[in-house]
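I have placed the structure first, in the form of structure tokens, so that the comments after it can refer back to it.
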Amino acid sequence: MTIEHVNQAKQIKTQAFTDQKPGTSGLRKKVKQFQQPGYLENFVQAVFNTIAPCAGKKLVIGGDGRFYNREAIQVIIKMAVANGFSHILVGQGGILSTPAASCVIRKNEACGGIILSASHNPGGPDEDFGIKFNAENGGPAPEKLTDAIFQQTLSMAQYSTVDADDIDLDNLATLQLAQCQIDIIDPVSDYADLMESMFDFSAMKALISTGDFRLCFDAMHAVNGPYAKEIIENRLGAPVGSVINGVPLTDFGGGHPDPNLVHAHELVDLVYGEKGLDFGAASDGDGDRNMVLGKAFYINPCDSLAILTANASLIPAYAKGIAGVARSMPTSRAVDRVAEAMNIPCFETPTGWKFFGNLLDAGKITLCGEESFGTGSDHIREKDGLWAVLFWLNLIAVKKQPVSEIVENHWLQYGRDYFTRHDYEAVDSANAHEMISQLKAKISALPGQEILGVKVTSADDFEYIDPVDNSRTTAQGVRIYLGNGGRIVFRLSGTGTQGATLRVYLDCFQQDSALLAQETQQALSELIQIAESVAGIKQFTGRTQPDVIT
Ligand code: VG1
Ligand code: CO
């Protein structure tokens, strides 16, 4: 079908914005900011200018379905046509989970994709929106690309678009708009096929069909609903209704689509209740995060990465072994211990998935993860919520053990890295920055000092030199290592849209088999006090306790 009423590309004059620097994962702002004339358009034009020439290239577009997703996609399609793309793939309804977008970019050899999402941040007219560019490897643009995009935004004077009717996003079709072919594609099938090629679906089906293994997947009214229904209910045969909150809503039902014990409380009640389910899992707004629960049992994401690494050979996709692993710096060192035992390299990267891309592309790592409920592998270039859930289901099906037993046995073998993150959200930005700069000023004097009776062994401001392209990234968080096996990390969030969010990460290694079953906050209480004492969190944030503890 050909769309009528397409005029020649036209140039629209615009004013540059100074606040379009991408953060940890793309540009995230309030919807109202994105709705300012030219705001979205400027950023999109900056992306196209950076990757120019666009003529003849293929682009993937999709998002997590949040408020303003559809409007933004119409704008982006018309701009992409005006900028000369010859082929655009758009998820039906404007939907593509972040991992599915990465899969579609790679499978179709597109030059990249535009993903519309603010991930786990709430959605709605007064909430958050976001946009990011993923490159041809399917992964988030690396820093040199996001820096170049930001430079473009600073001098943006005009953008290109075409006059055309809106595209029907709801029906699978192939359309022609000027020189450009536009395919409205099934957002789920490529991704579901990829999952089926990696895991032992028949073993998982057998586990589920016994009826003794009861599970629930909470899509949190976010993008993974259709993916989870197709994979868990249709392909794996779980009873209909195993996926809850499975229809993506523009406001995620008014909640935070953030899979943690606080926000996924509906799921938590189902596994902790009297007749607790054997398995519960959830993912976030754009489907790249995961939380996995056993019967009355929570798996910390840092432990999850370590356990998946230790057991990778049991999964068809990794049966031949894994090349190496990586974790973001604040993630606990549990996976390091496994890597050492397996004699494979373990890399420590700054926070954000974009830093794993080079290592994955170079074949240096197979698995990677972050403490923030993100786990993934070289099958795509994004963290992948459902993949992690299927990995766990596959492990359970093969090991024939409940989640709690798998985790506890792991601790017995490797020791346990207690881990927690304390978030102080929307605090005064100047105060938060002042707190971090005072901490930085103390770094050189800290080693050797005792804080509340515990010796500081070393301290630094984390910097990373990428082993593949030698790019250097500085100021990634203040790390304090302690003589008792503990570590405290302070950093400011790069995804928030209001004030500053302070993240304090605390972890401590415990090898004594009698001390492996403590409550986490209790086990880390000494570290929590040391963090307060060294940084003055209460004084700078004006808060007596964190807003979110994970
Ligand atoms: C947070 C997490 C980080 C994650 C990023 C994007 O960033 O800490 O680990 O990669 O979100 O995840 P920050 O800068 O706010 O700490 V997602 O699922 O929001 O795309
Ligand atoms: Co996300």
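The C-alpha atoms of the chain define a longest principal axis, and helix 385-399 lies at about 50 degrees to it. A Cβ-based charge dipole, computed about the Cα centre of the chain with Lys and Arg at +1 and Asp and Glu at -1, lands at about 860 debye.
For the pair segment 312-330 and segment 257-296, the centres of their Cα atoms are 24 angstrom apart. The Kirkwood radius of segment 259-401, taken over pairs of alpha-carbon atoms, gives through the Stokes-Einstein law at 37 °C and 0.692 mPa s a diffusion coefficient of 216 µm² s⁻¹.
Pairs 399/455; 10/229; 21/78: which are spaced more than 32 Å apart, C-alpha to C-alpha? From the list (399/455; 10/229; 21/78), the Cα-Cα distance tops 32 Å for 399/455; 10/229. Only one residue of 75, 201, 500 has its Cα farthest out toward the positive end of the dipole of the chain, where Lys and Arg carry +1 and Asp and Glu -1 on Cβ, and that residue is 500.
Could you check what % of the DSSP bridge pairs in the chain are antiparallel, to the nearest 5? The antiparallel fraction comes to roughly 70 percent.
What does the helix-only formula give at 222 nm for the chain: each DSSP H stretch with n ≥ 4 adding -39500 (n - 2.57), the total divided by the residues, and the result rounded to the nearest 500 deg cm²/dmol? Write out the running numbers ahead of the final one.
Values: 18 runs with 170 residues, N = 550.
Here the helix-only value at 222 nm equals -9000 deg cm²/dmol.
How many times 2.2 N^0.38 Å is the alpha carbon radius of gyration of segment 141-267? Its radius of gyration relative to the 2.2 N^0.38 Å reference: 1.47. On alpha carbon coordinates alone, what is the Rg over Rh value for segment 42-198, Rh being the Kirkwood radius? Expressed as Rg/Rh, it is 0.94.
Centroid-to-centroid, using Cα positions, segment 486-550 and segment 55-107 are 39 Å apart.
Fewest Cβ neighbours within 10 Å first, please rank 519, 463 accordingly.
Values: 519 9, 463 13.
Least to most surrounded, the residues fall as 519, 463.
Every number here is computed from the coordinates shown, using simple stated rules; none is lab data. All values derive from a computational prediction rather than experimental measurement. Because the Cβ atoms are built from the backbone with ideal geometry, glycine has one as well, and the counts that use them run over all protein chains shown.
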